[in-house]
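**Student:** Dropping the structure in here first, questions after.
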Amino acid sequence: NAGVTQTPKFRILKIGQSMTLQCTQDMNHNYMYWYRQDPGMGLKLIYYSVGAGITDKGEVPNGYNVSRSTTEDFPLRLELAAPSQTSVYFCASSMTSNTEAFFGQGTRLTVV
Amino acid sequence: AQTVTQSQPEMSVQEAETVTLSCTYDTSENNYYLFWYKQPPSRQMILVIRQEAYKQQNATENRFSVNFQKAAKSFSLKISDSQLGDTAMYFCATNSNSGYALNFGKGTSLLVTP
């Protein structure tokens, strides 16, 4: 079972560059999420989606964009990378908002 | 909005002993859900246990159990017979029927020593 697959696992970006973090799930989950994890800060919600074609901002959306054209895929786009975006990013999915969330393995992003 | 507080940044326990991790939360919802997630050094987030707030009985999963005190808004995790593989970050999280995503605490780093 693949579950939630995130790519890449590691990436180094220069300030001002752009990139897309890919996320796909094969569990037919309606809900998908992007979190960032900073040391000592827990996980903070960037964006979420409750179904294909529907996305909404979380707690820390600035500097990011998402799309949800299919149930399976939920890519996160970083435009004009900044050092403040250095973090570990997690994609997750769940069937409903209060059932178990399944997480990808995370992407460690460094902006230099 | 729901907030989650984990007041113990780091804890240590010896193998085979029992340890309790604390979590308190704040919510205005009547119906909500509570979770403990484990994050080992591999970085993978793994669900440990889930509790539905309307259920009075404390959830149990093998060596893991919770002490859910709804009035006090407390949701502690007890790990019995600790094993070296329990070494990890542990995150408490909440959600509600009207919420869309989990709200996480800052985590407790647990070290199990031989």
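**Student:** Name the one entry in B:Glu10, B:Glu29, B:Glu17, B:Glu52 that is farther than 26 Å from A:Val50 by Cα and within 14 Å of chain A (Cβ to nearest Cβ).
**Tutor:** Working: B:Glu29 fails: farther than 26 Å from A:Val50 by Cα; B:Glu17 fails: within 14 Å of chain A (Cβ to nearest Cβ); B:Glu52 fails: farther than 26 Å from A:Val50 by Cα.
Of the residues listed, the single one that is farther than 26 Å from A:Val50 by Cα and within 14 Å of chain A (Cβ to nearest Cβ) is B:Glu10.
**Student:** Could you identify the single residue in B:Val4, B:Val13, B:Val19 that is within 22 Å of A:Leu43 (Cβ to Cβ) and among the β-branched types (Val, Ile, Thr)? Steps first, please.
**Tutor:** Details: B:Val13 fails: within 22 Å of A:Leu43 (Cβ to Cβ); B:Val19 fails: within 22 Å of A:Leu43 (Cβ to Cβ).
B:Val4 is the lone residue from the list that is within 22 Å of A:Leu43 (Cβ to Cβ) and among the β-branched types (Val, Ile, Thr).
**Student:** Filter segment B:74-85 down to the residues that are touching a residue at least 60 places away in the same chain (Cβ under 8 Å) and open to solvent by less than 10 Å² (accessible area, probe 1.4 Å), then identify the one that is farthest from B:Asn30 (Cα to Cα).
**Tutor:** Pass one, segment B:74-85, residues touching a residue at least 60 places away in the same chain (Cβ under 8 Å): B:78-84.
Still in the running and open to solvent by less than 10 Å² (accessible area, probe 1.4 Å): B:79, B:82.
Numbers: B:Ile79: 28, B:Ser82: 34 Å.
Here the answer is B:Ser82.
**Student:** I've got another one for you. Among the numbered criteria (1) open to solvent by 40 Å² or more (accessible area, probe 1.4 Å); (2) under 24 Å from A:Phe103 (Cβ atoms); (3) touching a residue at least 24 places away in the same chain (Cβ under 8 Å); (4) under 10 Å from the mean Cα position of the chain (by Cα), which one does B:Phe64 miss?
**Tutor:** It fails just one condition, (1).
**Student:** Taking the condition of being surrounded by fewer than 23 Cβ atoms within 10 Å (Cβ to Cβ), facing chain A (nearest Cβ under 8 Å) and within 15 Å of the chain's Cα centre (by Cα), how many residues in segment B:86-102 meet it?
**Tutor:** So the count comes out to 0.
**Student:** Could you list all residues from segment A:79-112 that are open to solvent by 50 Å² or more (accessible area, probe 1.4 Å), within 14 Å of chain B (Cβ to nearest Cβ) and either assigned to a strand (DSSP E or B) or in contact with a Gly (Cβ under 7 Å, 6 or more places away or on another chain) (or both)?
**Tutor:** Once the filter is applied, which keeps residues that are open to solvent by 50 Å² or more (accessible area, probe 1.4 Å), within 14 Å of chain B (Cβ to nearest Cβ) and either assigned to a strand (DSSP E or B) or in contact with a Gly (Cβ under 7 Å, 6 or more places away or on another chain) (or both), segment A:79-112 yields A:Phe102, A:Arg108.
**Student:** Hey, another quick one. Yes or no: segment A:70-78 includes at least one residue that is closer than 19 Å to A:Leu109 by Cβ and at the interface with chain B (Cβ under 10 Å from one of its Cβ atoms).
**Tutor:** No, segment A:70-78 has no match at all.
**Student:** Give me a count of the residues in segment A:24-43 that are at the interface with chain B (Cβ under 8 Å from one of its Cβ atoms), open to solvent by 20 Å² or more (accessible area, probe 1.4 Å) and part of a strand (DSSP E or B).
**Tutor:** Looking only at that region, the number is 1.
**Student:** Checking B:Ser28 against (1) part of a strand (DSSP E or B); (2) exposed (fewer than 14 other Cβ atoms within 10 Å of the Cβ); (3) polar (S, T, N, Q): exactly one of these is not met. Which one?
**Tutor:** (1)
**Student:** If you don't mind, another one. How about segment A:57-76: which of its residues are open to solvent by 40 Å² or more (accessible area, probe 1.4 Å), under 18 Å from A:Gln25 (Cβ atoms) and not hydroxyl-bearing (Ser, Thr, Tyr)?
**Tutor:** A:Glu72, A:Asp73
**Student:** Just to check your reading of the model, which residue among B:Ala93, B:Ala71, B:Ala53, B:Ala16 is aliphatic (A, V, I, L, M), over 25 Å from A:Gly104 (Cα atoms) and touching a residue at least 60 places away in the same chain (Cβ under 8 Å)?
**Tutor:** So the residue among B:Ala93, B:Ala71, B:Ala53, B:Ala16 that is aliphatic (A, V, I, L, M), over 25 Å from A:Gly104 (Cα atoms) and touching a residue at least 60 places away in the same chain (Cβ under 8 Å) is B:Ala16.
The values are calculated or read from the model by the stated rules, or taken from the named source; none is laboratory data. What you see is a predicted model, and the numbers here were worked out from it, not measured in a lab. With ideal geometry, Cβ positions are generated from the backbone for all residues, glycine too; neighbour counts draw on all protein chains shown. The protein model used for the area step is the full one, side chains on, heavy atoms only, and it has no ligands, DNA or RNA in it. Shrake-Rupley method; radii C 1.70, N 1.55, O 1.52, S 1.80 Å.
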